[in-house]
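The values are calculated or read from the model by the stated rules, or taken from the named source; none is laboratory data. Keep in mind that this is a model prediction, so the values were computed, not measured. Glycine also receives a Cβ, built like all others from the backbone with ideal geometry; neighbour counts cover every protein chain displayed.
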């Protein structure tokens with residue numbers, strides 16, 4: 001049974017990686033939810049999509065540096081790593097005129 005569930009998990013990861021992946025936009029975040037978590041599968045899918053001639057199987061230091069640079073370029077203010085998952089945080093401010 002463990003073998004079958006492992007096969008299903010690999011198939012699910014391959015399906016996620018085969019789809020066109022969109023990098024999260026910090027402008028889509030809110031004061032109540034300023035962060036987004038990128039799973040290992042999502043990190044690798046984004047990296048491999050942008051680096052087709054240098055595909056990665058693991059979240060290595062070079063994959064982490066690439067994601068950090070790309071996230072910074074896109075406007076994310078903080079990138080924290082928890083194991084192989086990335087937590088992207090957008091800095092948001094309340095608009096006093098809207099209150």
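Of all residues in the range 51-77, how many are under 13 Å from the mean Cα position of the chain (by Cα) and not in a loop (DSSP other than H, G, I, E, B)?
Within the range 51-77, residues that are under 13 Å from the mean Cα position of the chain (by Cα) and not in a loop (DSSP other than H, G, I, E, B) number 10.
Going through the range 54-99 one residue at a time, which ones are surrounded by fewer than 11 Cβ atoms within 10 Å (Cβ to Cβ), modelled with pLDDT of 95 or more and more than 16 Å from residue 24 (Cα to Cα)? Lay out the reasoning, then the answer.
From the range 54-99, those surrounded by fewer than 11 Cβ atoms within 10 Å (Cβ to Cβ) are 57-58, 61, 65, 73, 82-83, 93-99; that's our starting set.
Keeping just the survivors that are modelled with pLDDT of 95 or more gives 57-58, 61, 65, 73, 82.
Residues satisfying the conditions are 57, 58, 61, 65, 82.
Read through the list (1) surrounded by 13 or more Cβ atoms within 10 Å (Cβ to Cβ); (2) over 10 Å from the mean Cα position of the chain (by Cα); (3) over 16 Å from residue 84 (Cα atoms); (4) without any contact (Cβ under 8 Å) to a residue 60 or more places away in the chain, then give the number of the only condition that residue 29 fails.
Evaluating residue 29 over (1) surrounded by 13 or more Cβ atoms within 10 Å (Cβ to Cβ); (2) over 10 Å from the mean Cα position of the chain (by Cα); (3) over 16 Å from residue 84 (Cα atoms); (4) without any contact (Cβ under 8 Å) to a residue 60 or more places away in the chain leaves (4) as the failure.
Taking the range 78-99, which residues are out of contact with any helix residue (DSSP H, G or I) (no Cβ under 9 Å at 6 or more places or on another chain) and either assigned to a loop (DSSP other than H, G, I, E, B) or within 19 Å of residue 20 (Cα to Cα) (or both)?
93, 94, 95, 99
Would you please list the contacts, defined by Cβ atoms under 7 Å and residues six or more apart or on different chains, that run from a residue in the range 62-88 that is at positive phi to a residue that is at pLDDT below 95?
Between residues of the range 62-88 that are at positive phi and residues that are at pLDDT below 95, there is no close pair.
Does residue 34 satisfy being touching a residue at least 60 places away in the same chain (Cβ under 8 Å), surrounded by 12 or more Cβ atoms within 10 Å (Cβ to Cβ), in contact with a strand residue (DSSP E or B) (Cβ under 8 Å, 6 or more places away or on another chain) and under 14 Å from residue 87 (Cα atoms)?
Judged against the criteria, residue 34 is not a match.
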